[in-house]
Each structure stands twice: as structure tokens, then as C-alpha cells.
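Undergrad: Structure in C-alpha cells, see below.
The values are calculated or read from the model by the stated rules, or taken from the named source; none is laboratory data. From a predicted model like this one, the values you see are computed outputs, not experimental measurements. Quick reminder, even Gly has a Cβ in these numbers, built from the backbone with ideal geometry, and neighbours come from all protein chains shown. When the accessible area is computed, the model is the full protein with side chains, heavy atoms only, and any ligands, DNA or RNA have been set aside. Shrake-Rupley method; radii C 1.70, N 1.55, O 1.52, S 1.80 Å.
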Amino acid sequence: MVDGEIKEERRTVLDAAGVHVTCYRDARRSNRKLSERPRRRRYKYPGSGSHPPRSRRRLDDTADLRLFRARPHTRKYGMAAGAGKAKTAGGGVPALGWWLMAVGAVRIGLTWSGFFRPAALGAATFGVAPMTGVHGRTFGVWTLLSCTLCFLCAFDLGNRPLYAATFMSFVYAYAHFLVEYLVYNTTTAANLGTYAVVAVTSIVWMLLQWNSHAPRNAKQH
């Protein structure tokens, strides 16, 4: 292209609505070809996608693009979301979580007694029927499983399947002792009342807060 020659330039840009628009402009160029010109530096900013902040956005001088509105910078929204997550994570364990951990600690002691002191465990739990070594170890394995559920649920109360499994573990355990007292007469009313303090309190508390710890998007559905 000779100096002084006029050539129609065509460029595709992105307007404010996100639509590609073709701009035409007649420009006077020198002998240097348009394809030989160095490309402009592309700015990349973390969290803002492929678009730089509005204050640093540069418009090419080969076309008049001042009428097009720059896309708003979205990095601040990402920062706000991260702050919200940090606040949720740093809120601590709820009161129900501390209660479940306390119950789990008690169940660790019962597990130890079931494996190593079955006679003492039988006197403390059933009171009437003697407890053999096999029965004590079986009781210890069940108690260890329910203890694991308590600790897992204490740190993840928003997990609905885990929450339901922990809740049902209290229901099954108390129903077992209730049947032993009413049908088989192998436990005493005092022992049943001791288990009622833990089991009934846990069942009622978890029912009252059944949907309190669910994720926000799950509550909307």
C-alpha cells in the first residue's frame, strides 16, 4: 500500500450487550502493512476473566470505540463470595455439634467397656441379664459405629443423609432398650431412664433443627 492511499478497515468488536458488531472506518495508512504491525498487549487479571478493569481498559486507535460501554469489572463479586465462605467456615461448631461430640465421647467409654469389661458393662446397662464376652464385644462394635456417626455429623450438620443416619441411630438404640425393658425384662427402669436422658434429648433436639443446618440452595427448593 502506497503512502496516502485510503483503505477501508473492518473490525469486529463486542458491544455492551455482548453482541459482536462490525465497525468500518476509512483510514490513511503508511507503506507499512497492517498485518506487520505489532499486536497490542492483552491484559490478564486474576478473577476478572479476559477483561481488564475499566480503569485500565485500552481502546484500539484503529477504530473509534468510545461509544461502546466497557463490561463492568466482576472481580469484586468474587472477593465478596470468598469473604462469605470464610465467614461461614469460621462461625464455629453449633451447640448441637458440641452435644453430639459429648455423646460420642461417652460412647467411646462404653466401647472400651464392651471390649475389655463386659461384666461391668452388663451391670451398668442391663442390670438383670448377665453379659457374656461375645455380647459385650457386639455391643462395643455397635457403640463404636454410633460414636463415629456422632463425630462425623457434629462437623457436617448440613449433610442430610449423615444427619438422618445419626438421628436414626438414637432412635434404634433407645427402641432396643425400651423393648428389653417392656418385653424381655432384662433391664431396669433406672437404666432406661439414664438412656432416656441422652437418647430422647438428642432425638428432640435433632428434630427441632432438622432443616436449620441445611445448605441455603437446598432450603430454596
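Undergrad: Being open to solvent by less than 30 Å² (accessible area, probe 1.4 Å) and modelled with pLDDT of 95 or more is the requirement here; does Phe151 meet it?
TA: no
Undergrad: Can you go through Phe177, Phe139, Phe115 and tell me which one is touching a helix residue (DSSP H, G or I) at 6+ places or on another chain (Cβ under 7 Å), surrounded by fewer than 18 Cβ atoms within 10 Å (Cβ to Cβ), assigned to a helix (DSSP H, G or I) and aromatic (Phe, Trp, Tyr)? Steps first, please.
TA: Details: Phe177 fails: surrounded by fewer than 18 Cβ atoms within 10 Å (Cβ to Cβ); Phe139 fails: surrounded by fewer than 18 Cβ atoms within 10 Å (Cβ to Cβ).
After ruling out the rest, the residue left standing is Phe115.
Undergrad: Same structure again: Going by what's in this entry, would Leu178 be described as out of contact with any Leu (no Cβ under 8 Å at 6 or more places or on another chain) and aliphatic (A, V, I, L, M)?
TA: Working: out of contact with any Leu (no Cβ under 8 Å at 6 or more places or on another chain): no; aliphatic (A, V, I, L, M): yes.
No, not satisfied.
Undergrad: While we're on this one: Taking the conditions exactly as written (assigned to a helix (DSSP H, G or I) and modelled with pLDDT under 95), does Ala165 satisfy them or not?
TA: Working: assigned to a helix (DSSP H, G or I): yes; modelled with pLDDT under 95: no.
Answer is no for this residue.
Undergrad: Since Met131 meets every condition but one in (1) open to solvent by less than 60 Å² (accessible area, probe 1.4 Å); (2) more than 23 Å from Asn185 (Cα to Cα), which condition does it not meet?
TA: For Met131, the failing item is (2).
Undergrad: Give the number of residues within segment 118-136 that are among the polar types (S, T, N, Q) and assigned to a loop (DSSP other than H, G, I, E, B). I'd like the intermediate steps shown before the answer.
TA: Within segment 118-136, the subset among the polar types (S, T, N, Q) is 125, 132.
Cutting the leftovers down to assigned to a loop (DSSP other than H, G, I, E, B) gives us 132.
The qualifying residues number 1.
Undergrad: Ok, one more. Just to be sure I understand the filter: pairs with C-beta atoms under 8 Å, separated by 6 or more residues or on different chains, first member in segment 110-123 and within 8 Å of Gly136 (Cα to Cα), second member of a type in the set (D, E, K, R) and open to solvent by 40 Å² or more (accessible area, probe 1.4 Å). Which pairs pass?
TA: Note: pairs meeting the criteria are Gly114/Arg137; Phe115/Arg137; Pro118/Arg137.
Undergrad: Out of all the residues in segment 154-174, is one or more closer than 30 Å to Gly97 by Cα, under 25 Å from the mean Cα position of the chain (by Cα) and charged (D, E, K, R)?
TA: yes
Undergrad: Exactly one condition in (1) open to solvent by less than 40 Å² (accessible area, probe 1.4 Å); (2) under 20 Å from Pro94 (Cβ atoms) is not met by Thr186; state its number.
TA: Among (1) open to solvent by less than 40 Å² (accessible area, probe 1.4 Å); (2) under 20 Å from Pro94 (Cβ atoms), Thr186 violates only (2).
Undergrad: Which one of these does Ala190 not meet: (1) within 19 Å of Ala102 (Cα to Cα); (2) part of a helix (DSSP H, G or I); (3) in contact (Cβ under 8 Å) with a residue 24 or more places away in the chain?
TA: That leaves (1) as the condition not met.
Undergrad: Can you tell me which residue among Val171, Val200, Val204 is at pLDDT 95 or above, closer than 17 Å to Pro94 by Cα and surrounded by fewer than 15 Cβ atoms within 10 Å (Cβ to Cβ)?
TA: The unique qualifying residue is Val204.
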